[in-house]
1. When all C-alpha to C-alpha distances in segment 1-47 are sorted into bins of 5 Å, what percent of pairs does each bin hold, rounded to whole numbers?
2. Restricting to the chain, what percent of DSSP beta bridges are antiparallel, rounded to 5?
3. Could I have the simple spin-label model distance between A41 and A14, label points 7 Å from Cα toward Cβ, reported in nm to one decimal?
4. For segment 1-105, what is the Kirkwood hydrodynamic radius in Å, using each pair of distinct C-alpha atoms?
5. If you put +1 on each Lys and Arg Cβ and -1 on each Asp and Glu Cβ, how big is the dipole of segment 121-202 around its Cα centre, in Debye rounded to 20?
6. Could you state the per residue volume, in Å³, of the convex hull enclosing the Cα atoms of segment 135-185?
7. When the chain is modelled as a GNM with alpha-carbon springs shorter than 10 Å, which of K147, K91, K103 fluctuates the most?
8. Top mean-square fluctuation among L171, L137, L113, Gaussian network model of the chain, C-alpha springs under 10 Å?
Amino acid sequence: MESLTNPIIQKSFALIDNIIGEHHLTPSEYNIIRRIIHTTADFDFLHLLQCNPSVIDIAIATLKAKTPIITDVSMVKEGIRNMVRKTHQNKIIVAVKQAKKVKKGKTLTETGLLQCCEKYPQGIYVIGNAPTALIALCKQCESQKIKPSLVIGAPVGFVSVLESKAYLAKLNIPQIQIIGNKGGSTVAAAIINALLVMSVDS
């Protein structure tokens, strides 16, 4: 297997460790946060990770089972493609690219996400950009039309972002999310990449 790290990453992680020092996170949670901070250089994320009980173990098992990964936008796919190739070669589907025509009253990403829900009801859903897609996903879960193996909720911004994350938090599904207005495609990708590395190390 190809190496999942390099000297620059290792040096960056060591510098991050020195800056953070003692913390409240489990080792697995810290692995996720450290990779997010490495990606963003934003130490605020140390206090923004929210995980369901046992979700990291569930996520690792799900990734090892080669469960398809559905991302809301292409940037998330680009951020995880290399790590997926080096590890479990899960199929990656970009929701926004599945939509040929926008449904009335829906965004393009939301339309594509709903199509993905029909094809991959137990997939891994990674939302790093579009809160409308996360809300649509939550509605599908709430109506029991789908049962995702894992949901990563990290949309960024102001319009509908807090509402989408609050909706996700209410649902009894395996989930990892970034609370508040922060997030983004690079953050969502960092979470999946950290889980992939742990899936190999476990």
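The values are calculated or read from the model by the stated rules, or taken from the named source; none is laboratory data. Being a predicted model, the structure only gives us computed values, none of them experimental. Here the Cβ is made from the backbone with ideal geometry for all residues, glycine too, and neighbour counts use every protein chain on show. For accessibility, only protein heavy atoms count, side chains too; no ligands or nucleic acids. Shrake-Rupley method; radii C 1.70, N 1.55, O 1.52, S 1.80 Å.
1. Using 5 Å bins, I get a P(r) of 5, 20, 34, 24, 12, 4, 2 for segment 1-47.
2. Working: 3 of 16 bridges.
Approximately 20 percent, going by the DSSP bridge assignments.
3. With each label placed 7 Å out from Cα toward Cβ, I get 2.0 nm.
4. Values: mean 1/r = 0.0621 Å⁻¹.
Averaging 1/r across every pair of different Cα atoms and inverting gives 16.1 Å.
5. Working: 6 positive and 3 negative charges, 39 e Å.
Using only the charged Cβ atoms, the result is roughly 180 debye.
6. On the way: hull volume 3.6 nm³, N = 51.
Once divided by residue count, the hull of segment 135-185 is 70 Å³.
7. Highest fluctuation among the options: K103.
8. Top of the fluctuation ranking is L171.
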